[in-house]
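Asks: Dropping the structure in here first, questions after.
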Amino acid sequence: MERRGNLLTARSLRVVSHRLRAQGVCDVVEFHQDPAGITLAGQDGTWQPYPVEYKKGRPNAYGADELQLCAQAICLEEMLLCSIAEGSLFYGEPRRRTRVNLDAPLRQRVEDMLGEMHALYARGYTPKATPSKGCNACSLKEVCLPRLAKAPPASAYLRMHLPREEESL
């Protein structure tokens with residue numbers, strides 16, 4: 001943790017919510033000295049956590065960045081037994097922070113989406129990826145491989161390249 005005056009900065013902070021069955025890594029969590037804050041081991045005073053998520057490009061229209069930031073805040077609240085009213089998204093294109101109010105409707109969307117994700121997982125169902133121009137900026141691009149959704153199934157490839165039983169006799 002890095003300290004500069006009344007600000008502590010933690011980078012790549014692992015977070016978890018057992019209630020929501022979610023975990024992740026916060027890019028940055030700033031801890032601002034605040035009389036209404038929480039105590040931190042090895043630090044004098046009380047501190048208010050403030051999550052900051054860094055993004056390469058510009059804000060998106062889908063609200064996914066806000067959902068991610070809110071999920072991180074929910075995890076931090078559970079771990080640190082505190083309340084977090086807002087956080088920030090830092091976008092590389094305009095090179096500035098955008099404040100995000102972590103209100104009840106946003107929190108409900110996070111909980112609803114996590115519930116849907118867990119239901120899909122329990123059913124063993126993976127939704128099809130919908131490729132878009134945003135795929136190029138996605139951190140999961142190499143795992144998701146959205147262009148494979150357009151490829152023919154592996155069974156078609158095998159039928160085309162393997163000899164049929166009657167041909168192999």
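The values are calculated or read from the model by the stated rules, or taken from the named source; none is laboratory data. Given the structure is predicted, the values throughout are model-derived calculations rather than measurements. As a convention, Cβ positions derive from the backbone with ideal geometry for all residues, glycine included, and neighbour counts pool all protein chains shown.
Asks: Which of (1) under 18 Å from Ala22 (Cα atoms); (2) out of contact with any strand residue (DSSP E or B) (no Cβ under 9 Å at 6 or more places or on another chain); (3) at pLDDT 95 or above is the odd one out, the single condition Ala104 does not satisfy?
Replies: (1)
Asks: Based on this model, can you work out whether Ala122 counts as within 15 Å of Val28 (Cα to Cα), in the same structural domain as Arg11 (by TED's automatic domain parsing) and not in a loop (DSSP other than H, G, I, E, B)? If you could, list the steps in order and put the result at the bottom.
Replies: Details: within 15 Å of Val28 (Cα to Cα): no; in the same structural domain as Arg11 (by TED's automatic domain parsing): yes; not in a loop (DSSP other than H, G, I, E, B): yes.
So Ala122 does not fit the description; no.
Asks: So in the stretch 125-135, with the set limited to residues that are in a helix (DSSP H, G or I) and surrounded by 10 or more Cβ atoms within 10 Å (Cβ to Cβ), which one is modelled with the highest pLDDT?
Replies: We begin by selecting, within the stretch 125-135, every residue in a helix (DSSP H, G or I); these are 133-135.
Still in the list and also surrounded by 10 or more Cβ atoms within 10 Å (Cβ to Cβ): 134-135.
On the way: Gly134: 73, Cys135: 76.
Going through the qualifying residues, I end up with Cys135.
Asks: I'm told Thr98 meets every condition in (1) at pLDDT below 95; (2) not in a strand (DSSP E or B) except one. Can you identify the failing condition by its number?
Replies: Against the list (1) at pLDDT below 95; (2) not in a strand (DSSP E or B), Thr98 comes up short only on (2).
Asks: Next question, about the same structure. Sort through Arg109, Arg95 and tell me the only one that's surrounded by 13 or more Cβ atoms within 10 Å (Cβ to Cβ) and either more than 17 Å from the chain's Cα centre (by Cα) or under 22 Å from Asn60 (Cβ atoms) (or both). Steps first, please.
Replies: Numbers: Arg95 fails: surrounded by 13 or more Cβ atoms within 10 Å (Cβ to Cβ).
None of the other options fit; the residue is Arg109.
Asks: Given the conditions (1) within 20 Å of the chain's Cα centre (by Cα); (2) in a loop (DSSP other than H, G, I, E, B), which single one is not true for Asp44?
Replies: Against the list (1) within 20 Å of the chain's Cα centre (by Cα); (2) in a loop (DSSP other than H, G, I, E, B), Asp44 comes up short only on (1).
Asks: Here is a check on your reading of the model: is Ala36 buried (at least 16 other Cβ atoms within 10 Å of the Cβ) and out of contact with any Asp or Glu (no Cβ under 6 Å at 6 or more places or on another chain)? Reasoning before the result, please.
Replies: Numbers: buried (at least 16 other Cβ atoms within 10 Å of the Cβ): no; out of contact with any Asp or Glu (no Cβ under 6 Å at 6 or more places or on another chain): yes.
No.
Asks: Residue pairs, Cβ under 9 Å, 6 or more apart or interchain, first in the stretch 27-48 and within 10 Å of Met1 (Cβ to Cβ), second of a type outside the set (Lys, Arg) and part of a loop (DSSP other than H, G, I, E, B). List them.
Replies: The qualifying pairs are Phe31/Met1; Phe31/Leu40; Phe31/Gln43; Leu40/Met1; Gly42/Met1; Gln43/Met1.
Asks: Sticking with this one: In the list Leu20, Leu8, which residue meets the criterion of being free of Cβ contacts under 8 Å to residues at least 40 places away in the same chain, surrounded by 12 or more Cβ atoms within 10 Å (Cβ to Cβ) and touching a Leu at 6+ places or on another chain (Cβ under 8 Å)? Working first, answer last.
Replies: On the way: Leu20 fails: free of Cβ contacts under 8 Å to residues at least 40 places away in the same chain.
Every option except Leu8 fails the conditions.
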